[in-house]
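> Sending over a structure as structure tokens; questions will come in a sec.
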Amino acid sequence: MLDPIIELQDLTKKYDQFIAVNRLSLSIQKGEVFGLLGPNGAGKSTTILMMLGLSEPTSGSVRVCGINSTREPILVKQKVGYLPDDVGFYEDLTGYENLIYTAELNRLSKEEAIRRAKELLARVGLSDAADKKAGAYSRGMRQRLGLADVLIKQPEVIILDEPTLGIDPAGVKELLQLIQRLSRDEGITVLLSSHHLHQVQQICDRVGIFVQGRLLAVGDVSALSRQLFAEDLFILEVGVKQLSPDLIEQLMQIDDVTSVKQNNELLFISCSRDLTGEIAETIVRSGARLTYLNQKQYGLDEIYHRYFERGEVK
Ligand code: ADP
Ligand code: MG
């Protein structure tokens, strides 16, 4: 069943003595939407350039669609659509003309070029702006045109470097949903990089957390949180009034409660299983007033910050 379409093995890139990418091994399956997540300078763009054969690894190997990107960069570029973090268009040509230009570069016939350009402009929601010059497009429109541009040659894989950079929140949501739909409808594998964790976690089947050239963890968001938060998987945020002096002690005595922190009338209770019922009951029985109760779910932001706090490198 496993059918890796991107395979990195011990991929390493050094700039002089500086290690930008450090022994990165990763397999991405056909049809997956994979998020390469990490702060600025993590080595995301460097990794992407090596996948495309645009930068040569210092050591290790990279295969995309079964092709060794380093040895056969031209072949890889035929199969992979790449949206760089600063998309360049001919600013004086319209969106439509830019797509036709790319189509012709990719040796599509005139009729096919026209057909695909129109179809893709509709797909990315730019039909109305098709005849506007690309130079007059907003950042969000440029990213959507970029996506259409990348799809012209019907790639098996698309690689998007920070596609949401500089777009307003509504535009981000729209763009990400578009990417997800494309992947689902046409079975395209997507690798996207981002340093905005909360934005992309909704659409990624799996994410890799990448910091200082090293991949710290890979998995779906819930698996990552299980792995990281094994001891205190559930955190309850509880509002309590009229606390009795020994309530915190009573809560600590419940099996599987690992810590209780107090901030005025708010308690933060960590437990290794869902103890919502027992905790609520203990509070009420102590004579205190329960004003609010919220079970916190871990998102990528928490996962990511926890890695930073611990400074853990696998
Ligand atoms: P990201 O895309 O995750 O922000 P990059 O891959 O662009 O990170 O950069 C990773 C590190 O490698 C950074 O510290 C950057 O300064 C360094 N770097 C990138 N390209 C070069 C280069 N051509 N020469 C020297 N250092 C570079
Ligand atoms: Mg980058």
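> Quickly work out the Leu54-to-Asn68 label distance, labels modelled 7 Å from Cα along the C-beta direction, and quote it in nm with one decimal.
Once both label points are built, they end up 2.3 nm from each other.
> Would you mind working out the magnitude of the charge dipole of the chain relative to its Cα centre, with +1 at each Lys and Arg C-beta and -1 at each Asp and Glu C-beta, to the nearest 20 Debye?
The dipole of the chain has a size of about 640 debye.
> Counting C-alpha atoms alone, how compact is the chain: give Rg to one decimal and Dmax as a whole number, in angstrom.
Here Rg and the maximum Cα pair distance are 24.2, 80 Å.
> Taking one equal scatterer on every alpha-carbon of the stretch 230-297, how large is log10 of I(q)/I(0) by Debye at q = 0.15, 0.21 1/Å?
Normalising to I(0) and taking log10 leaves -0.38, -0.77.
> Tell me, which longest segment in the chain has none of the GluC sites (Glu not before Pro) that fall in DSSP loops with at most 16 further Cβ atoms within 10 Å?
The longest uninterrupted stretch comes out as 92-230.
> What whole number of Å gives the distance from the Cα centroid of the stretch 38-112 to the Cα centroid of the stretch 138-168?
Comparing the Cα centres of the stretch 138-168 and the stretch 38-112, I get a distance of 11 Å.
> So who's got an amide H within less than 5 Å of the one on Leu160, skipping anything under 5 residues away but keeping other chains? H placed 1.01 Å off N, in plane.
Leu83, Leu191, Leu192, Ser193
> Roughly speaking, what is the stretch gain from Ala280 to Lys296, that is 0.36 nm per residue apart minus the C-alpha to C-alpha distance, in nm to one decimal?
So the extension gain works out to 4.2 nm.
> Let me ask something else about it. Compute the distance in nm between two label points, each set 7 Å from the Cα along the Cα-to-Cβ direction, one at Glu111 and one at Arg289.
Result for the modelled spin labels: 7.8 nm.
> Which three numbers, in whole Å and largest first, are the semi-axes of the equivalent ellipsoid of the stretch 62-183 derived from its Cα gyration tensor as √(5λ)? It would help to have the intermediate numbers written out before the result.
Values: eigenvalues 104, 67, 32 Å².
Equivalent ellipsoid of the stretch 62-183: 23, 18, 13 Å, largest first.
> Tell me, in nm to one decimal, what length is gained between Lys173 and Asp86 on full extension, where the rule is 0.36 nm per residue of separation less the Cα-Cα distance? Let's see the in-between values first.
Values: separation 87, 0.36 × 87 = 31.32 nm, distance 1.94 nm.
Here the answer is 29.4 nm.
> Please compute the per residue accessible area over the stretch 57-151 with all protein chains in place, 1.4 Å probe, rounded to a whole number of Å². Before the final figure, lay out each step's value.
Values: 4850 Å² over 95 residues.
Accessible surface, normalised per residue, equals 51 Å².
> If each of Glu104 and Ser222 carries a label point 7 Å out from its Cα toward its Cβ, how far apart are those two points in nm?
Here the modelled spin labels are 5.1 nm apart.
> Give me the percent of the accessible area of the stretch 234-284 that comes from carbon and sulfur atoms, probe 1.4 Å, all protein chains in place.
Values: 1310 of 2720 Å².
That share works out to 48 percent.
> Assuming R0 = 45 Å, can you tell me the calculated FRET efficiency for the pair Gln202 and Ser259, based on Cβ-Cβ distance, to the nearest 0.05?
0.90
> Counting helices only, and only those DSSP H runs with n ≥ 4, report the 222 nm mean residue ellipticity of the chain as the sum of -39,500 (n - 2.57) divided by its residues, in deg cm²/dmol to the nearest 500.
-10500 deg cm²/dmol
> Further question: Sequence neighbours fewer than 8 away in the same chain don't count; with that in mind, list the lysines whose C-alpha is under 16 Å from Lys241.
Lys261
> Can you pull the Rg over Rh of the stretch 150-281, Cα-only, Kirkwood? Kindly include the intermediate steps, with their values, before the conclusion.
Numbers: Rg = 21.1 Å, Rh = 18.3 Å.
Here Rg/Rh amounts to 1.16.
> Now, a different point. What FRET efficiency comes out for the pair Arg181/Lys14, r = Cβ-Cβ distance, R0 = 45 Å, nearest 0.05?
Working: r = 39 Å, r/R0 = 0.86.
After rounding to 0.05, the efficiency reads 0.70.
The values are calculated or read from the model by the stated rules, or taken from the named source; none is laboratory data. All figures in this text were calculated on a predicted structure; none of them were measured in a lab. Every residue, glycine as well, gets a Cβ built from its backbone with ideal geometry; the counts of neighbours run over all protein chains shown. Each accessible area value is taken on the protein alone, full model and side chains, heavy atoms only, with ligands, DNA and RNA left out. Shrake-Rupley method; radii C 1.70, N 1.55, O 1.52, S 1.80 Å.
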